[in-house]
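Read-outs throughout are calculated quantities, based only on the coordinates presented, and are distinct from any laboratory measurement. Just so it is clear, the structure is predicted and the values come from calculations on it, not from any experiment. Cβ sites come from the backbone with ideal geometry, for glycine too, and all protein chains shown count toward neighbours.
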Amino acid sequence: MPTASCPIVALVGRPNVGKSTLFNRITKSRKALVDPTPGVTRDRHYDRVVWNERPFILVDTGGIDDNPLDSMVSHIREQAMAAIEEADTILFLMDGRAGLTPADHEVVEILRRTEKPIFHIVNKIDGPEQETVLMAQFYELGIEHLWALSAEHNYGFQTLMEDLVTSLGSDEDEADSSLPENTVKVAFIGRPNVGKSSMINQILGEERMVVSEISGTTRDSVDTLLVHGNYSYLLIDTAGIRRKGKTKEKLEKFSILKSLAALERCDVAIVLIDAGEGITEQDTKVIGYALDHGRGLIILVNKWDLLAGDKKLQDKIMGEVGLALPFVGYAPLLTSSALTGYGVKRLFPVIGSVYRQYRANGSNSTTPRKSVPARPSLSS
């Protein structure tokens, strides 16, 4: 079954203290560019990690610095501050070789204001002898527990990861444990302003969520339990996933990560596409996220009312969707209007069909479920 919760763990610290190196070691990859030039990691990088059977999302951020000569400092600082605000656990790295700096003091003071778990890590400590010599000055910070680490050479790494996973606790979520047995968890995901909250409101038949034309109104996932017929459904509304270049806006913050966390919890992902805009590159990336998580998949072209009476344009939009998504031809493709309610009644039978196939194929499998019913015709 999907995990009930997937915490977000953020790497924070000054530039060039080894955050990207630690990111690569934890994720066992080279996804984060490692370079001795300060400020290489300009934006957040993230990856899903499973350590000792405990999943979490790891985020590498740009460094916190106050260098007035670096025009990117304010942007990097904003990225890191967003991590501090939105992450569940924070790994704060300092540089053992460079020693304690005023910027380290500043960040520690910022971190004292949060009640979230903080791991204060002194990196670039290559062994016990260096630990004895280089760690002493860092105790001036008044931190009870410091972790000595060499992200590059693995010293202290196992201890850090064991302590981190222990602090994350079990992946059982109390809220989910109280759900009725065999509840189907359905996540509505997609770019901002495609109508996710509006669709859930239409399904519920009442205004249970904030619906706004302002993209990003839903900052975190919002759960609503619905009993439909003989079945229970947990409807998960998620923040919109923006293109990378637009993740600067503070309103968006960790919307991508919150959506990924929602995918960890769901059985079926419904990806909404805006009929007025047609399929975009970002839509295909959103669908790729769902595939990466091995979830049941439904593609829902919303705002179909915008194309009412224009059969030529309807065929054009649906043809473009089919061309853009040849790798998910097995997934049901539906049209709907959250505004008018068109197509909503057809949604639950398809959810049930996809869910049964998802269960039959093994809910932990990341292989696409090609036995899912074929796409309905364009007129469906």
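Using DSSP to call loops (not H, G, I, E or B), can you name the trypsin sites (Lys or Arg not before Pro) in region 100-155 whose Cβ has at most 12 other Cβ atoms within 10 angstrom?
Counting only loop positions with at most 12 other Cβ atoms within 10 Å, the trypsin sites (Lys or Arg not before Pro) in region 100-155 are R113.
Scan around G276 for amide H atoms under 5 Å from its own, H built in the peptide plane at 1.01 Å from N, and keep only partners 5 or more places away or cross-chain.
none
With charges only on Cβ, +1 for K and R and -1 for D and E, what is the dipole size of region 255-310 about its Cα centre, in debye, rounded to 20?
260
Per residue of region 304-312, in order, report the coupling 6.51 cos²θ - 1.76 cosθ + 1.60 (Karplus, θ = phi - 60°) as ³J(HN,Hα) in whole Hz, putting x for Gly and Pro.
Once θ is set to phi - 60°, the couplings for region 304-312 become 5, 4, 5, 10, 4, x, 10, 4, 4 Hz.
Restricted to Cα positions, what overall size does region 83-129 have along the principal axes? Three whole-Å values, descending.
Answer, in whole Å and largest first: 35, 21, 14 Å.
Label V165 and R356 with points 7 Å out from Cα along Cα→Cβ: what is the distance between them in nm?
Label-label distance for V165 and R356, simple model: 3.8 nm.
So which of K19/K196; K185/K312; K19/K185; K116/K185; K116/K303; K124/K285 end up more than 30 Å apart, counting from Cα to Cα?
Listed pairs above 30 Å: K19/K196; K185/K312; K19/K185; K116/K303; K124/K285.
Taking R0 as 22 Å, what's the FRET efficiency between L323 and R346 from their Cβ-Cβ distance, rounded to 0.05?
About 0.40, to the nearest 0.05.
Compute the signed sum of charges (Lys and Arg +1, Asp and Glu -1) over the other residues within less than 10 Å, Cβ to Cβ, of A98.
+1
Treat every Asp and Glu Cβ in region 90-145 as -1 and every Lys and Arg Cβ as +1, leave all other atoms uncharged, and give the resulting dipole magnitude about the Cα centre to the nearest 20 debye.
Roughly 180 debye, rounded to the nearest 20.
Using amide H atoms built 1.01 Å from N in the peptide plane, name the residues 5+ places from T335, or on other chains, whose amide H lies under 5 Å from its own.
V301
Using the Cβ atoms and a cut-off under 9 Å, what net charge is assigned to the surroundings of S337, where Lys and Arg are +1 and Asp and Glu are -1?
0
In a shell of Cβ-Cβ distance under 10 Å around V12, excluding V12 itself, what net charge do Lys and Arg (+1) and Asp and Glu (-1) give?
Summing Lys and Arg as +1 and Asp and Glu as -1 gives +1.
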